[in-house]
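**Q** Could you have a look at this structure, given as structure tokens, before my questions?
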Amino acid sequence: MENVVGYPKKERDEIISYIFGQDGLLVPTDIDTQRCRRQEMHQLLRNKLLRLLYTHIIEPVIKGKITPTWTNNNCESANHVLKSAIQWKMQDLPQLIETLLGIVKGEQEE
């Protein structure tokens, strides 16, 4: 949750507590208690997801910072161009800067 998703520590602790804590999902209880705990966890995650969607997608669309049909194809395309230019190998920083400069100049000529 930290390295891949980037959840803040407070939120990670909250989710971990819902799973492993004293009243967590993994603590043996009756079926009704388990169902209630699962519903609480789904609600917690749903609320966080909706907040993130609003902050990073809906609000920027409303403010005109991104288009409603935004996808990450452009950045993926640029990533592929860069990797192709360096032949999928690491480069020293000065060499990488020269490669990036060449890509930018090539884009400006089109």
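**Q** Which of the residues belonging to segment 61-71 are part of a loop (DSSP other than H, G, I, E, B) and hydrophobic (A, V, I, L, M, F, W, C)?
**A** Ile66, Trp70
**Q** Now a separate question. Just checking, how many residues over segment 1-60 are assigned to a loop (DSSP other than H, G, I, E, B) and not small (Gly, Ala, Ser)?
**A** The qualifying residues number 15.
Bear in mind that the values in this text are calculations on the coordinates, not laboratory data. Just so it is clear, the structure is predicted and the values come from calculations on it, not from any experiment.
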